[in-house]
1. Simple spin-label model, 7 Å along Cα-to-Cβ: Thr42 to Leu85 in nm?
2. What FRET efficiency comes out for the pair Lys58/Leu31, r = Cβ-Cβ distance, R0 = 30 Å, nearest 0.05?
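What follows draws every value from the coordinates through simple rules; no lab data is involved. In this text, all values refer to a predicted model and were calculated from it rather than measured experimentally. Note: ideal-geometry Cβ built from the backbone for every residue, glycine included; neighbour counts use all protein chains shown.
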Amino acid sequence: MACCATAPARLSPELKAAAAEQGAAAAGVSLPALPKRCSTKTPHADPDIAGDVHGALKLEARQLDKANADKSSCAGLYDRLRAGLAKPEASKK
């Protein structure tokens with residue numbers, strides 16, 4: 001039994017990689033890349049472009065609205081993806 005306890009430490013890197021690949025294939029799930037807009041930072045409004053403080057605040061509000069809409073869209077994408085990947089038993093509850 002002592003040899004069994006040390007066996008995983010002796011596995012070759014190739015065997016470990018093959019096992020990981022086989023496990024990923026058996027799982028059958030490959031998530032898509034996160035859309036770029038989901039990770040893009042929204043910059044603050046530049047007061048010099050807006051012309052005055054009031055204009056800068058209006059521009060900032062528009063940019064915040066756009067950023068929030070993008071984040072909501074990304075969350076919706078992954079909520080739908082997760083629901084599509086859910087096991088039938090879990091979705092019936």
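1. The answer from the label model is 2.7 nm.
2. 0.20
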